[in-house]
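Engineer: So that we are looking at the same thing, I have put the structure below in structure tokens.
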């Protein structure tokens, strides 16, 4: 049987090499997901704000200049701002034409008022073109003012404000970076389902399904061989995609442990999902019926498992945390960004439970298949005996 399994693995790998178009097409959905989701969050994270600066203080190290520098920082809460200095009339025209998201008015004497400990208020005029845009810009500007107060210690007794405990601060994680951890997990699931489905469907397409059924333990050997081949091919494809993610979307592995976590997630998730992929492909018997269901299933799992936001901030997370994809995203978030250590042990337990469930279902399937063949064989023998008796 081992010889049959190895032969099936070799045959499946040759099939994948021969059908290069399928391999090429399978790379496009992950890259498209990155462009649609990660690319959007990267490009919409910077907005322009017009500044009407009425403060006559022009020194490079003035408080007004320090405040504007902080407004343009590229760390912390998004959106980030690009400041454009204009006179009041030009700023008003740009605002009316939706050429800016907001106007920031700096009053005269603003810098000196900070130095004296009695800061004047700044005014901001927000666009009402879109409710979410207005909210995000407002919260972003408030966050920059907060950062300015914190950076220059303006919350001391001399300048009363909010005191911030150091250990309560947490380094900001860009949403696009978090999403890439999830896309790595989605890629593993997608390849397991798609490649497994393609390999499973090739027997009916090639007209070799009858020969497999006729061979001793042929169906079982074919299933195990295709399952193993799907994992191997998925590994090669994942290496290619991961290099693309690193090159084009900024994925970084901070240490050797993060690479190890990636390998563990790969073997766990492709092991879990390539089996149903192969079984579906064998049932469908046509590759044209494979891609669409696998894309829909994998994206659905990705979205409900914390694709856009951490799972604990998503609706229904108490239930969805038991999905293998949810565990994978949490583990990769910890591996890449050192976030969510409190979920790692639980996530590994959930993944191991899914792997055990796959083994159980696999052996149940073997048992049912053998029982079916025994009943069929018995029925044929009985028919043969009846035919002989009639003769």
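Engineer: Which condition from (1) modelled with pLDDT under 85; (2) in a helix (DSSP H, G or I); (3) surrounded by 12 or more Cβ atoms within 10 Å (Cβ to Cβ) is the one that residue 47 breaks?
Structural biologist: For residue 47, the exception is condition (2).
Engineer: Across the stretch 123-177, which residue is modelled with the lowest pLDDT among those that are over 26 Å from residue 249 (Cβ atoms), in contact with a helix residue (DSSP H, G or I) (Cβ under 7 Å, 6 or more places away or on another chain) and not in a loop (DSSP other than H, G, I, E, B)?
Structural biologist: 126
Engineer: Still on this structure, please answer the following. In contact (Cβ under 8 Å) with a residue 40 or more places away in the chain, closer than 22 Å to residue 19 by Cβ and either outside the structural domain of residue 195 (by TED's automatic domain parsing) or not in a loop (DSSP other than H, G, I, E, B) (or both): does that describe residue 301?
Structural biologist: no
Engineer: Right, next: Just checking, does the stretch 340-354 include any residue being modelled with pLDDT under 90, in the same structural domain as residue 263 (by TED's automatic domain parsing) and within 25 Å of residue 37 (Cα to Cα)?
Structural biologist: Checked the stretch 340-354: at least one residue is modelled with pLDDT under 90, in the same structural domain as residue 263 (by TED's automatic domain parsing) and within 25 Å of residue 37 (Cα to Cα).
Engineer: Just checking, how many residues over the stretch 247-265 are part of a helix (DSSP H, G or I) and more than 14 Å from the chain's Cα centre (by Cα)?
Structural biologist: 10
Engineer: Would you confirm whether any residue within the stretch 18-30 is over 18 Å from residue 149 (Cβ atoms) and in a loop (DSSP other than H, G, I, E, B)?
Structural biologist: Scanning the stretch 18-30 turns up at least one residue that is over 18 Å from residue 149 (Cβ atoms) and in a loop (DSSP other than H, G, I, E, B).
Engineer: Of all residues in the stretch 304-328, which are in a loop (DSSP other than H, G, I, E, B), under 22 Å from residue 191 (Cβ atoms) and more than 10 Å from the chain's Cα centre (by Cα)? Show your work before the answer.
Structural biologist: We begin by selecting, within the stretch 304-328, every residue in a loop (DSSP other than H, G, I, E, B); these are 305-310, 314-316, 321-323.
Checking the rest, the ones that are also under 22 Å from residue 191 (Cβ atoms) come to 305-308, 323.
Correct list: 323 only.
Engineer: Hey, does the stretch 6-28 have a residue that's touching a strand residue (DSSP E or B) at 6+ places or on another chain (Cβ under 7 Å) and modelled with pLDDT of 80 or more?
Structural biologist: No, the stretch 6-28 contains no residue that is touching a strand residue (DSSP E or B) at 6+ places or on another chain (Cβ under 7 Å) and modelled with pLDDT of 80 or more.
Engineer: Determine which member of the set 261, 280 is closer than 28 Å to residue 225 by Cα, out of contact with any strand residue (DSSP E or B) (no Cβ under 6 Å at 6 or more places or on another chain) and at pLDDT 95 or above. Show your work before the answer.
Structural biologist: Details: 280 fails: at pLDDT 95 or above.
Every option except 261 fails the conditions.
Engineer: Could you list all residues from the stretch 68-89 that are surrounded by 14 or more Cβ atoms within 10 Å (Cβ to Cβ) and over 36 Å from the mean Cα position of the chain (by Cα)?
Structural biologist: Selection gives 86 alone.
The values are calculated or read from the model by the stated rules, or taken from the named source; none is laboratory data. What you see is a predicted model, and the numbers here were worked out from it, not measured in a lab. Counting neighbours? That spans all protein chains shown, and the Cβs are built from the backbone with ideal geometry, glycine included.
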